[in-house]
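The values are calculated or read from the model by the stated rules, or taken from the named source; none is laboratory data. From a predicted model like this one, the values you see are computed outputs, not experimental measurements. FYI the Cβ positions are ideal-geometry reconstructions off the backbone, even for glycines, and counts take in every protein chain you see.
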Amino acid sequence: MFDPHYTITPKLLANIKKITVLIEKLNSEVYPTVVLAELKRNAFSLSSYSSTSIEGNPLPLSEVKIILKNNPKIIRDSEREVINYNNALKELDMVVRERKGTLNLATILNTQKIVTNKLIGPENSGKLRTTQVYVKNPKLRKIIYMAPQAQDIRHLLDDLIQFVNSSKDIIDPLILAGIFHKQFVIVHPFTDGNGRTARLITKLVLASMGLNTFSLFSFENYYNQHIEKYFNTVGVVGHYYDEKDTIDFTPWLEYFTDGIIDELLRVRAILKKQKKSSETVLKPHHETILYHITKHGFITDREYARITSRAKPTRHLDFKKLINLGLIQKKGNGRATIYIVR
């Protein structure tokens, strides 16, 4: 039975408290739909860029955004990596929204299959490894970690999954997600895609316990900015069977929660800025709509056309913006359509 060793240090406890406060403050604010939608697109792009960059992908963020926006048909492996990761984010985001976020082996296998799609052979994509793997230090050019033997992988993963699912009401979600992340990397269940799969499934574990990182922020971004420390704290040096009973998860948990704090602060700053941006500032014609609704209870497109010189397509955009900002709502269809205060 998997029984991880860790200590609730003053730093770890302080981090958990700070994350709780930051999340409460973010949840207490009301942000326009248009702002949240843009933030989600950026979070997906940033996560896809950062997580593949950690593994050595050379594409810059600007190029990643272009690729994800255009989705080209003819692509190189480096481009496929970011597209695959983005596809996995979308898949797991849907799992979370459909409330099917319970951790299971099928989801893990499917996630690795998506991130390695057309990058490795089908015999290793979506399947646990059947061979021994080693982790090398690229700078020293030598083996620094020998992972568990292939015949033990299924048992170790089952233990980890059972530990996470049975501990949701006992262990703090942040600690539980952090433990999963590190142990998954230690088990190294695949021939390729272990790091990307670990980061994606960690997001799923967090979301299933109430902290959805798909829509807002990217802790992969924090790891990418501190790659050396990430590898030093998430991994293990030596032989798995020699080290497994002495592994201390505490340093990693402190680093893991540091990253979530940094991302929460970054996103909070963006939200404050976006809230004041031109996208959310109302112009005179928007005020005209709201004034008319306040005075008469509703407005139609025909009435709006009578009191303004704006063309029909532009009027449609005006209504759409106020709907996205959560200020008005549409009722009815066709000529019977009216707009009222939300």
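Observations on the structure shown:
- Consider region 165-202 and keep the residues that are at pLDDT 95 or above and charged (D, E, K, R). The one that is farthest from the chain's Cα centre (by Cα) is 192.
- Every residue from region 64-107 that is part of a helix (DSSP H, G or I), acidic (Asp, Glu) and within 15 Å of residue 207 (Cβ to Cβ): 91, 93
- Within region 268-279, at least one residue is surrounded by 15 or more Cβ atoms within 10 Å (Cβ to Cβ), under 27 Å from the mean Cα position of the chain (by Cα) and of a type in the set (D, E, K, R).
Residue by residue, here is whether (1) without any contact (Cβ under 8 Å) to a residue 60 or more places away in the chain; (2) assigned by TED's automatic domain parsing to the domain that holds residue 207; (3) touching a His at 6+ places or on another chain (Cβ under 9 Å); (4) closer than 22 Å to residue 227 by Cβ holds:
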{"site": "133", "(1), (2), (3), (4)": "yes, yes, yes, yes"}
{"site": "167", "(1), (2), (3), (4)": "yes, yes, no, no"}
{"site": "185", "(1), (2), (3), (4)": "yes, yes, no, yes"}
{"site": "188", "(1), (2), (3), (4)": "yes, yes, no, yes"}
{"site": "192", "(1), (2), (3), (4)": "no, yes, no, yes"}
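- Extreme residue, nearest to the chain's Cα centre (by Cα), among residues of region 285-319 that are of a type in the set (Asp, Glu) and within 20 Å of residue 332 (Cα to Cα): 318
- Conditions (1) of a type in the set (A, V, I, L, M, F, W, C); (2) over 24 Å from residue 41 (Cα atoms); (3) surrounded by 15 or more Cβ atoms within 10 Å (Cβ to Cβ); number of the one not met by residue 341: (3)
- Hey, residue 20 touching a residue at least 60 places away in the same chain (Cβ under 8 Å) and either in contact with a helix residue (DSSP H, G or I) (Cβ under 8 Å, 6 or more places away or on another chain) or part of a helix (DSSP H, G or I) (or both) or not: no
- Residue check, residue 8 loosely packed, with under 15 Cβ neighbours inside 10 Å and either in contact (Cβ under 8 Å) with a residue 40 or more places away in the chain or in a loop (DSSP other than H, G, I, E, B) (or both): yes
- Number of positions in region 307-333 that are part of a helix (DSSP H, G or I) and either farther than 22 Å from residue 35 by Cβ or among the aromatic types (Phe, Trp, Tyr) (or both): 5
- Selection within region 92-107 - hydroxyl-bearing (Ser, Thr, Tyr) and surrounded by 16 or more Cβ atoms within 10 Å (Cβ to Cβ): 107
- Unmet requirement for residue 110, which otherwise passes all of (1) outside any loop (DSSP other than H, G, I, E, B); (2) surrounded by 15 or more Cβ atoms within 10 Å (Cβ to Cβ); (3) in contact (Cβ under 8 Å) with a residue 40 or more places away in the chain; (4) not aliphatic (A, V, I, L, M): (3)
- Counting only helices (runs of 4 or more DSSP H) that sit completely within region 127-222, those holding 1 or more residues that are surrounded by fewer than 20 Cβ atoms within 10 Å (Cβ to Cβ) correspond to 153-166, 173-187.
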